[in-house]
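Q: Right, I'll just put the structure down here and ask away after.
Each value in this text was obtained by applying a stated rule to the coordinates, not by laboratory testing. These numbers come from a predicted model, not from an experiment. Cβ sites come from the backbone with ideal geometry, for glycine too, and all protein chains shown count toward neighbours.
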Amino acid sequence: MNARFPLILLTAAVLAGCAGQSARERDTEAYELYRDFAGAPVDEFTYLGTYDGWRSLGKNVLAVQTGIRDAYLITVQGPCSELPFANTIALTSTGNTVRRGLDSVRVGGDNCTIREIRPVDYAGLRKAQREDAAREQARREQSAQTGSG
């Protein structure tokens, strides 16, 4: 048996698994993870005009990381139709504060009013993501060793 054959099978299985999951399914999984680490709704958060990252989680929800430890799950009046496809967003703010009901997420031609803001335990979320990745890696290695999927 060719020594490369198990590696080829593993690569094909991983690619098939990735191809089998739609963008909507990935967004749903990510939303559920963020939701699990989100606290109670708040009326506002401090925003100094820049963010470290963001992710669309559907047509009316996104996660915004505003600092190394600060992230928020934001729900907008929806649907905000361009949000799932956007490359960039902008947040409106007044006096370095983003407020529910007053401020918006700007996406392309959409100006989507913020309906809910929930702080995210970002450290906890990142830890869970690392643990999930480690479990997935262990599962793939186990599958490769046993030759099953």
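Q: Once both labels are modelled 7 Å past Cα along the beta-carbon direction, what's the Asp43-Ala123 spacing in nm?
A: Computed distance between label sites Asp43 and Ala123 equals 2.8 nm.
Q: A follow-up question, please. Starting at the first residue of region 86-91, write each ³J(HN,Hα) from the Karplus equation 6.51 cos²θ - 1.76 cosθ + 1.60 with θ = phi - 60°, in whole Hz, x for Gly and Pro.
A: 6, 9, 9, 9, 9, 10
Q: Using a Förster distance of 25 angstrom, determine the FRET efficiency expected from the C-beta separation of Glu136 and Ser81, and round it to 0.05.
A: So, using R0 = 25 Å, E works out to roughly 0.15.
Q: With a point put 7 Å past each Cα toward its Cβ, work out how far Arg24 is from Thr146 in nm, to one decimal.
A: 3.3
Q: If you stretched the chain out fully between Glu32 and Asp70, how much longer would it get, using 0.36 nm times the residue separation minus the C-alpha to C-alpha distance?
A: So the chain would gain 11.9 nm between Glu32 and Asp70.
Q: Out of residues 5 or more away from Tyr47 or on other chains, whose amide H comes under 5 Å of its own, with H placed 1.01 Å from N in the peptide plane?
A: The answer is Thr97, Val98.
Q: Taking H placed 1.01 Å from N in the peptide plane, check which residues at least 5 places from Asn60 or on another chain put their amide H under 5 Å from its amide H.
A: Residues meeting the amide H criterion: Cys80.
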